[in-house]
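For reference, the structure is listed below as structure tokens.
The values are calculated or read from the model by the stated rules, or taken from the named source; none is laboratory data. As the structure is a prediction and not an experimental result, all values here were calculated from the model. Note that we place each Cβ from the backbone using ideal geometry, even for glycine, and neighbour counts take in every protein chain shown. Quick note on the areas: whole protein, heavy atoms, side chains included, nothing else; ligands and nucleic acids left out. Shrake-Rupley method; radii C 1.70, N 1.55, O 1.52, S 1.80 Å.
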Amino acid sequence: MGLARLHGKRKRRVGLMAAATAAALASAVLAGCGDDSGKKLTHPPYTVNSVQLGFATAKDIGKGAVQFKDSDHGSHVIYTPPSSVPTCPYVQRADDTTVQVQPAVELVGGNPTGRFIVGPTNPQRSTLPVVTQGAVVFTTDALADQGMKTVLAEAAKCPGSFTVIGGPPVVVGDYKVNRRSFESAGWTGFAQQLAHTSPPDLNTGTYDDLVTIVAHKSNAVIYLGYAQIHKMGKRADSKEKIEKLMKVTLDRLG
């Protein structure tokens, strides 16, 4: 996904979030989607342009953040199409899954916004999160409902844990996944939390904390991912932070 592409290698750790900052920013198209206000800016039925008014902005994330559209030309350490909706991030690298699971799905019949990323320009010197977001807009509510059913069916296959043994050091390690239902302001879907820890011999002293929310309302399916790096022993708090940010997005969308 785009969030793995934004983060470069931090001097004090090696991990999933440490991948190709220069590549992502060098090929980025600076984006102006979203609005700094928390007020209602649009309403159903949505269009590709109107749904972007709800997207998180650099100002929402914090001082030093930038926002850009994923150009699809950066690191492919962990690749999913920018037009896809996440269902089980990073599972494509897993070595111990018992069924075929897709990390993301592309929804037939919809018009995608593409993937937008908000995060720090220099992850080596910032504690800001990396936010990835996007949406697929359909011509009818029924088509959007069917699209969401496709997402839910694939997300249900995501295992509670998996392991990546081979590949770049940034992805090697253990992954734990928890999923729960999500509902807010008429939007329904799920929130999925993923925690990644590196093997002991890498001695990172940190773990990756990613929460992704996928939700559906009217003729749109939207998603938002919120990723942070924590020191071992620190409580994961991306769940609380993404819910706050998602509320801002949904308030704007009406």
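The condition (being within 15 Å of the chain's Cα centre (by Cα), at pLDDT below 95 and either of a type outside the set (Val, Ile, Thr) or closer than 25 Å to residue 246 by Cβ (or both)) is satisfied by just one residue among 80, 113, 121, 127: 80. For region 53-109, the set of residues classified as buried (at least 23 other Cβ atoms within 10 Å of the Cβ) and among the acidic types (Asp, Glu) consists of 70 only. In region 75-89, the count of residues that are outside any loop (DSSP other than H, G, I, E, B) and within 19 Å of residue 227 (Cβ to Cβ) is one or more. Looking across region 244-254, the residues that are buried (at least 16 other Cβ atoms within 10 Å of the Cβ) and touching a strand residue (DSSP E or B) at 6+ places or on another chain (Cβ under 9 Å) come down to 245, 246, 249, 250, 253. Scanning region 110-124 for residues that are part of a loop (DSSP other than H, G, I, E, B) and either buried (at least 16 other Cβ atoms within 10 Å of the Cβ) or in contact with a strand residue (DSSP E or B) (Cβ under 6 Å, 6 or more places away or on another chain) (or both) returns 110, 113, 114, 115, 121. Counting only strands (runs of 3 or more DSSP E) wholly contained in region 125-231, the ones carrying 1 or more residues that are open to solvent by 30 Å² or more (accessible area, probe 1.4 Å), out of contact with any His (no Cβ under 6 Å at 6 or more places or on another chain) and touching a residue at least 40 places away in the same chain (Cβ under 8 Å) occupy 161-164, 173-184, 187-197, 206-217, 220-231.
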